[in-house]
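Notes to accompany the following structure.
The values are calculated or read from the model by the stated rules, or taken from the named source; none is laboratory data. The structure presented is a predicted model; accordingly, all values stated were derived computationally and were not measured. As a convention, Cβ positions derive from the backbone with ideal geometry for all residues, glycine included, and neighbour counts pool all protein chains shown. Each accessible area value is taken on the protein alone, full model and side chains, heavy atoms only, with ligands, DNA and RNA left out. Shrake-Rupley method; radii C 1.70, N 1.55, O 1.52, S 1.80 Å.
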Amino acid sequence: MVSDWLVAVACGLGAYLLGSVPTAYIVVRPGIGRDIRRLGSGNVGATNTFQQAGVLLGSLVMLADTEKGVLALLAPVWVEAPHWAMFVTTTLTLIGHNWPVFLRFRGGKGVAVIFGASLSLVPWLTLAALAPAILVIVKARNVTVGATLGMGLLNVLIIATGQSLDRIALCLFLTFLVSATYLVSIRHQLRSAAKSRRWRDLFLDTDI
């Protein structure tokens, strides 16, 4: 029992450090000679990289951040950690990505990380949910709405296809995590929208 906790703690620490690796900063700085934190929205994530540094660098960041989520879910299995350690590693990877110790706790919003985790958990259902999400992003030119649709659809598919309770619980938990961290990250926009009653602004000019 003690050894299980020690393994889980070690995995959690490693997960936070993994999440904290500022992929967008590392890719953009040598790529175009600029600091991603001073470009566009200032978000250290894939969407801002796509918008400010182009498709190639944006794709590299997206791939690397997705891999963070994949490793967060698979690492506990590889080291034979207790099953519940996946909740710990996924949570801390997301926290590390959004609030990285290497960039004074200013990072991304974690959707790519969650995508990687769900891809490891239920690959075919994740890809099925991804298709309409991409369509909405392309047609509406709004990443936030597309990502919200995709995550909602993924939860519906996992429940509808009769997946195990632990998979359903983990998927719902991941959705809660990314939603909560996103709301935290746009808290200033929420206050502004509440004062001006311009709620539509929350879905404009935002990235994840």
Quiz item: Taking helices (runs of 4 or more DSSP H) that fall entirely within the range 1-99, which contain at least 1 residues that are free of Cβ contacts under 8 Å to residues at least 40 places away in the same chain and open to solvent by 40 Å² or more (accessible area, probe 1.4 Å)?
Solution: 2-20, 23-32, 46-53, 55-78
Exercise. Residue by residue through the range 131-173, note down the ones that are within 15 Å of the chain's Cα centre (by Cα) and at pLDDT 90 or above.
Key: L154
Practice problem: Identify all residues within the range 106-141 that are aromatic (F, W, Y) and under 21 Å from N43 (Cβ atoms); write none if there are none. | Solution: F115
Practice problem: Check G107 against each of (1) more than 27 Å from R37 (Cβ to Cβ); (2) touching a His at 6+ places or on another chain (Cβ under 8 Å); (3) open to solvent by less than 30 Å² (accessible area, probe 1.4 Å) and name the one condition it does not meet. | Solution: (1)
Practice problem: Residues that are free of Cβ contacts under 8 Å to residues at least 40 places away in the same chain and polar (S, T, N, Q): find the helices (runs of 4 or more DSSP H) completely inside the range 108-181 holding 1 or more of those. | Solution: 123-140, 143-160
